[in-house]
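Here is the structure we will look at, set down as structure tokens.
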Amino acid sequence: MKKLLILVFFLGFLFFPLRNVLAVADNYVLPYPGLMPGNKLYVIKETWDKFMGLFMWGNFTNFKYELVMADKKFVEAKTLYEYGQLELAGKALADYQKRIQKLPPLLVLAQKEEKIIAPQNEILKMAVKKHLDVLERLANEVPQQTTWVQEKREVMLNPKQLINQTIILDQNILDSRD
Amino acid sequence: MLIFTFIYSLVLLFFSAWSYLYVDWHLELLQYSWYKNLQTILWNFSLNQRVLSASFYVLIIFVLYALYFLFLFLAKQKKVTSKNIIILGAISSVILFFSHPALSHDIFNYIMSAKIVTFYHENPWMVMPIEFIKEPMLNFLHAGNKIVLYGPVWVLITLIPSSLGQNNFLLTFGLFKILVLAFYAGSAWLIYRINKEQKNAEAIQNLIFFAFNPLVLIETLSSSHNDIVMMFFVLLSFYLLMKKNFLSSIVYFLFSVAIKYASIILLPLYLFLVYKINKKETIDWEKIFSWAAILMFIVFLLSPLREELYPWYLIWTLGLVAVTKNHQFFKVFLTALSFGLLMRYVPFMLTYDWFGYTPLVKKIVTLAPCFLVTAGFWGIKYLRQKNRTVT
């Protein structure tokens, strides 16, 4: 009887298989912020991202990796600006600038390897346009200059200048991709 | 045995010829005009004579199973030797090497993933085949929009045939088939050795149970699925544990997980086994392999969560059940299930449609043999018990 019950249980799986459903998004979507700078566990996220970077070989692979990293940094910067964390936001935006500048040369190298880069080019343009939309909104919301006061130290910040710098950088990338 | 071997060879030859009915319409295996003309005739046949081509398949499977049961019976009568097994294995390997993977296109995905590394110098876990727009394999690749689904050890292994193939599709295709064939032979040898280690008098029978099961033959030697590679390393790791070679065993177990992640389910059992051997306790290997087989069967049943119940996933359970002495019913049940799983292809062959009635018919043809066998088994058991009570 026990064996029969076990058999019926297993056969049930064959007759009533479990299903999963996949959702597909096709517009350029920025990633979810996740762990943010300032969080004690952020170092784990950074270390993991650096570790994953060791396994990135090839121009297309590095393009995807750097774009994911650039998007991550951009979303961090955006969220931090929105929450008024101007110093951390500035650092994140500076990181973003380093990452986004790596992308066009990777596509040039891929093209030299006779790979067709049109889809990657389109993705880069979509990403940069998305970033520009956000940056143009943020430029109107942040102060020109501010003194950032923390325990035992004060820092002069120019958030609007940094954002405008990033807008120019992104615009140059967009122009070079047309 | 000679006459049966001859019939077996003929059936396999017929299967190999039949397999060319289902070459992908965008795949040109050879550039010669005579081949193109022949392939066009075969395509027209498979498209316009669907009932006939499906019937040929069903007939081949029926005959293969009949011969399979015959070989098992002869082995039980001690009329099959190791030499016979080697000859049958060699015949199966050579004939099915020349068959086309009609039932699955996974081998092309394996070739493409390796090509992404060896030819395009990119990371296949990050870049999909469709991102290489000029790639000719995209014409017949069925999973071009996916990154590689397997672990790093599998990709590393496939770099060997991919590098040796020098971007020549036919040569690379042949080398991949040889690679899988080698692991099939290795798995068969391990099953035999593990049975011998357990002093199992039915070692030859168990070897035939696995190595000549038509599902194993077709999905391994014809379709070249990498499940046999994962099972080779699982069996090797257990075999090395039997020999108390811990370090190598752990390495090969990790290899199996790094090929196809399914074997991770064996980790708790494996760790328990290492602990027991370390404590110098007696191991009931029959129980261990039984539990391993059940665990892999659970993963097989849960596979629809990810995508679908694929027939070749049964190789995981068959490989482990083949190293057990008992479980007569489970072995018979799995044999019936393997038959049902091979029948799953028939609805598509008849309709060329994965939707409509096909999913329901697939379920019915898979389960019907299982129900029949279970009913038969319990019926015979009931009658025997009744006879004993009467006497």
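The values are calculated or read from the model by the stated rules, or taken from the named source; none is laboratory data. Only a predicted model underlies this, so the values are computations on that prediction, with no experimental measurement involved. All Cβ positions, glycine included, derive from the backbone under ideal geometry; neighbour counts span all protein chains shown. Surface areas here come from the heavy atoms of the whole protein model, side chains and all, with no ligands, DNA or RNA. Shrake-Rupley method; radii C 1.70, N 1.55, O 1.52, S 1.80 Å.
A quick yes/no check of all residues on (1) open to solvent by less than 50 Å² (accessible area, probe 1.4 Å); (2) farther than 21 Å from residue A:28 by Cα; (3) touching a residue at least 24 places away in the same chain (Cβ under 8 Å):
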residue: A:138; (1), (2), (3): yes, no, yes
residue: A:146; (1), (2), (3): yes, yes, yes
residue: A:156; (1), (2), (3): no, yes, no
residue: A:161; (1), (2), (3): no, yes, no
residue: A:170; (1), (2), (3): yes, no, yes
residue: A:176; (1), (2), (3): no, no, yes
Looking only at the stretch B:354-362, decide whether some residue is away from chain A (no Cβ under 14 Å), buried (at least 16 other Cβ atoms within 10 Å of the Cβ) and not basic (Lys, Arg).
-> yes
Check on residue A:107, surrounded by fewer than 22 Cβ atoms within 10 Å (Cβ to Cβ), more than 21 Å from residue A:178 (Cα to Cα) and not polar (S, T, N, Q) | no
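Tally up the residues in the stretch B:82-105 that are among the hydroxyl-bearing types (Ser, Thr, Tyr) and free of Cβ contacts under 8 Å to residues at least 40 places away in the same chain, please. Spell out the reasoning first.
Looking only at the stretch B:82-105, we keep the residues that are among the hydroxyl-bearing types (Ser, Thr, Tyr), and these are B:82, B:92-93, B:99, B:104.
Adding the requirement that they be free of Cβ contacts under 8 Å to residues at least 40 places away in the same chain leaves none.
Qualifying residue count for the region: 0.
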Give just the number: which of (1) surrounded by 15 or more Cβ atoms within 10 Å (Cβ to Cβ); (2) on the phi < 0 side of the Ramachandran plot; (3) out of contact with any Phe, Trp or Tyr (no Cβ under 8 Å at 6 or more places or on another chain) does residue B:245 not satisfy?
-> (1)
If residue B:388 satisfies every condition in (1) modelled with pLDDT of 95 or more; (2) open to solvent by 70 Å² or more (accessible area, probe 1.4 Å) but one, which is the exception?
-> (1)
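For every residue, the table says whether it meets (1) under 22 Å from residue B:187 (Cβ atoms); (2) of a type outside the set (Phe, Trp, Tyr).
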residue	(1), (2)
B:69	yes, no
B:72	yes, yes
B:77	no, yes
B:85	yes, yes
B:88	yes, yes
B:100	no, yes
B:138	no, yes
B:149	yes, yes
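Return the only residue of B:13, B:21, B:27 being of a type outside the set (Val, Ile, Thr), surrounded by 19 or more Cβ atoms within 10 Å (Cβ to Cβ) and either under 26 Å from residue B:171 (Cβ atoms) or touching a residue at least 24 places away in the same chain (Cβ under 8 Å) (or both). Explain how you work it out, then say what you get.
Details: B:13 fails: surrounded by 19 or more Cβ atoms within 10 Å (Cβ to Cβ); B:27 fails: surrounded by 19 or more Cβ atoms within 10 Å (Cβ to Cβ).
When all the criteria are applied, what remains is B:21.
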Tally the residues that are open to solvent by 10 Å² or more (accessible area, probe 1.4 Å), part of a helix (DSSP H, G or I) and either more than 14 Å from chain A (Cβ to nearest Cβ) or among the β-branched types (Val, Ile, Thr) (or both), restricting the search to the stretch B:138-154.
-> 2
Among what's in the stretch B:299-323 and is β-branched (Val, Ile, Thr) and in contact (Cβ under 8 Å) with a residue 60 or more places away in the chain, pick the residue that is nearest to the other protein chains (Cβ to nearest Cβ).
-> B:321
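If you check residue B:32 against the conditions, is it open to solvent by 40 Å² or more (accessible area, probe 1.4 Å), aromatic (Phe, Trp, Tyr) and at pLDDT below 90? Let's see the steps before the verdict.
Numbers: open to solvent by 40 Å² or more (accessible area, probe 1.4 Å): yes; aromatic (Phe, Trp, Tyr): yes; at pLDDT below 90: yes.
Yes, satisfied.
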